Amino acid sequence: MRPFDDTPLARDGKVLIVAYDHGLEHGPVDFEDVPESADPERVFEVATHDAVTTLAVQKGVAESYYSSYEDDVNLLTKLNGTSNLWMGEPDSAVNCSVEYAAEELGADAVGFTLYGGSNNEVEMAEEFRDAQERAREYDLPVVLWSYPRGQGLKNEKNPDTIAYATRQAHELGADVAKVKYPGSRDAMEQAVRMAGRTKVVMSGGSKTSDREFLESVKAVIDAGGAGLAVGRNVFQRENPGRILDALEQVIYEEASVDTALAAAGD
Ligand code: FBP
């Protein structure tokens, strides 16, 4: 495996993934506030911003749109995913193979969701083993959406749970662990420590104010995190370019939130 910093997922050792698999995971409800966000082309345009290292989508979106953007956007293909219509114990269907992602879609990286703590964890971890080993053959970096979830878990964002999630991603061979924000810089530091050489990125979460969102990203960077994988806090904004300008400052320049907001025109 080439050094992570030499992969298209990284810019100066940092990561900013725009995630756009919400049409599958959450359904059309996520596009209601900004109806044009239902159009994948709009989000591919957003992902041409210099701050974005990769766009994460499901196979069908990649098949339909990526050929027009392969010069300007790095593609992360999600290999599994489930709709919000599923009412069972957390699980995620494998929708795409590594071979298909690499050879047919032109993916630069692959992503996989694991619900540690679910009754389906064992099966999901075995599916991840196949994907991770195939990804190594293609020299594709692997991002694990490491989301402890299931009937036994009371609080998915508990600091100990998030630290376990980054450790699990590390032990299973992920290059990047994508985890929910555990609520503070201290908790994120512990999560980063537990991840060993696996990079840790924060999952964006539901849309918040510019300042609140940027402060959580700043805490992640200050804690030694590599950056962010974000969906709604970008595409549910009327002007996604503005928040990406600010994120560029916080993630790559390690600027303060005030400086970032000023750079973005506030
Ligand atoms: P957001 O930044 O919008 O939270 O997106 C990150 C993400 O992991 C998406 O890739 C995915 O669709 C969604 O969150 C799933 O979140 P959850 O399973 O918590 O509803």
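The values are calculated or read from the model by the stated rules, or taken from the named source; none is laboratory data. Keep in mind it's a predicted model, so treat the numbers as computed, not measured. As a convention, Cβ positions derive from the backbone with ideal geometry for all residues, glycine included, and neighbour counts pool all protein chains shown.
Odds and ends about this structure:
- Within region 147-167, the set of residues being of a type in the set (Lys, Arg) and in contact with a Phe, Trp or Tyr (Cβ under 8 Å, 6 or more places away or on another chain) comprises Arg149, Lys157.
- Only one of the numbered conditions (1) surrounded by fewer than 20 Cβ atoms within 10 Å (Cβ to Cβ); (2) within 20 Å of the chain's Cα centre (by Cα); (3) over 18 Å from Asp50 (Cβ atoms) is violated by Gly231, and that is (1).
- Enumeration of residues in region 246-261 that are touching a residue at least 12 places away in the same chain (Cβ under 8 Å) and either within 20 Å of the chain's Cα centre (by Cα) or closer than 18 Å to Asp5 by Cα (or both): Ala246, Leu247, Glu248, Gln249, Val250, Ile251, Tyr252, Glu254
- Scan of region 142-194 for residues that are hydroxyl-bearing (Ser, Thr, Tyr) and either within 14 Å of the ligand (Cβ to nearest atom) or in a loop (DSSP other than H, G, I, E, B) (or both), ordered by number: Ser146, Tyr147, Thr161, Tyr181, Ser184
Residue by residue, here is whether (1) surrounded by fewer than 19 Cβ atoms within 10 Å (Cβ to Cβ); (2) of a type in the set (Ser, Thr, Tyr); (3) at pLDDT 95 or above; (4) out of contact with any Phe, Trp or Tyr (no Cβ under 8 Å at 6 or more places or on another chain) holds:
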position	(1), (2), (3), (4)
Arg2	yes, no, no, yes
Asp5	yes, no, no, yes
Ser67	yes, yes, yes, yes
Leu76	no, no, yes, yes
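- Residue match in region 251-262 (condition: within 16 Å of the ligand (Cβ to nearest atom) and touching a strand residue (DSSP E or B) at 6+ places or on another chain (Cβ under 9 Å)): yes
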